[in-house]
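The values are calculated or read from the model by the stated rules, or taken from the named source; none is laboratory data. The structure displayed is predicted, hence computed values, not measured ones. Glycine gets a Cβ as well: all are built from the backbone with ideal geometry, and neighbour counts include every protein chain shown.
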Amino acid sequence: MRAIDRIVVHCSATKVTQDFTAEQVKASHIARGFRTWGYHFYVRKDGTVCPMRPVDQMGAHAEGYNASSIGVCYEGGLDANGKATDTRTPEQKESLLKLLKELIAKYSVKHLDGHRDLSPDIDGDGVVEPNEWVKMCPCMNVHDVYKDLIK
């Protein structure tokens, strides 16, 4: 088993009005040159958790962090006009929280980040500010939303 110390939360960057299935995630990742889906878990708008890549396999979701992390993606992240926003449904919030708690306990996770939080700290002040984000994903502040999960 590989050493896991981090979970990286992503969004599919799809409009809240659009369904984006696990198979569509897989197809989009293959189209980008991955051999299969890059995430380990995908949470649909109805709260269904879709296992993807086995946790014992390195993911392909956060360059530089894949070897020691689990990638969790939720469906959505864009409003009806395509603007980045927290589109998580109540069902997604519940399922994400449950999944994150289980993974943190099982793998002794020490870091829980949004993909955007792993952007380079361009000004070197020790904080990755919004102007330094490479992308908006996951369109919510993981550190604030789940601040009580990592001790």
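Taking LEU99 as the residue in question, decide whether it is closer than 22 Å to ALA3 by Cβ, aliphatic (A, V, I, L, M) and not in a loop (DSSP other than H, G, I, E, B). So LEU99 fits the description; yes. Any chance segment 86-96 includes a residue that's more than 14 Å from HIS10 (Cβ to Cβ), buried (at least 20 other Cβ atoms within 10 Å of the Cβ) and modelled with pLDDT of 95 or more? Taking every residue of segment 86-96 in turn, at least one turns out to be more than 14 Å from HIS10 (Cβ to Cβ), buried (at least 20 other Cβ atoms within 10 Å of the Cβ) and modelled with pLDDT of 95 or more. Among the residues making up segment 97-147, those that are among the hydrophobic types (A, V, I, L, M, F, W, C), farther than 21 Å from SER12 by Cβ and surrounded by 14 or more Cβ atoms within 10 Å (Cβ to Cβ) are ILE104, VAL109, VAL128.
Residue by residue, here is whether (1) over 23 Å from ASN141 (Cα atoms); (2) among the polar types (S, T, N, Q); (3) out of contact with any Gly (no Cβ under 7 Å at 6 or more places or on another chain); (4) surrounded by 20 or more Cβ atoms within 10 Å (Cβ to Cβ) holds:
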{"position": "VAL16", "(1), (2), (3), (4)": "no, no, no, no"}
{"position": "HIS40", "(1), (2), (3), (4)": "no, no, no, yes"}
{"position": "GLY47", "(1), (2), (3), (4)": "no, no, yes, no"}
{"position": "CYS50", "(1), (2), (3), (4)": "no, no, yes, no"}
{"position": "ASP56", "(1), (2), (3), (4)": "yes, no, yes, no"}
{"position": "HIS61", "(1), (2), (3), (4)": "no, no, no, yes"}
{"position": "GLY64", "(1), (2), (3), (4)": "no, no, yes, no"}
{"position": "SER69", "(1), (2), (3), (4)": "no, yes, no, yes"}
{"position": "TYR74", "(1), (2), (3), (4)": "no, no, yes, yes"}
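Among the residues of segment 76-85, those identified as farther than 16 Å from THR48 by Cβ and surrounded by 19 or more Cβ atoms within 10 Å (Cβ to Cβ) are GLY77, LEU78.
Against the condition out of contact with any Pro (no Cβ under 9 Å at 6 or more places or on another chain) and touching a residue at least 60 places away in the same chain (Cβ under 8 Å), how does LYS110 come out, does it pass?
Numbers: out of contact with any Pro (no Cβ under 9 Å at 6 or more places or on another chain): yes; touching a residue at least 60 places away in the same chain (Cβ under 8 Å): yes.
When the stated conditions are applied, LYS110 passes them.
Counting just the residues of segment 1-26 that are among the polar types (S, T, N, Q) and in contact (Cβ under 8 Å) with a residue 60 or more places away in the chain, which one comes out nearest to LEU112 (Cα to Cα)? Filtering first and then ranking leaves SER12. Within segment 137-151, being part of a helix (DSSP H, G or I) and touching a residue at least 60 places away in the same chain (Cβ under 8 Å) holds for one residue alone: VAL142.
Could you tell me whether segment 113-136 includes any residue that is in contact with a His (Cβ under 8 Å, 6 or more places away or on another chain) and assigned to a loop (DSSP other than H, G, I, E, B)?
Checked segment 113-136: at least one residue is in contact with a His (Cβ under 8 Å, 6 or more places away or on another chain) and assigned to a loop (DSSP other than H, G, I, E, B).
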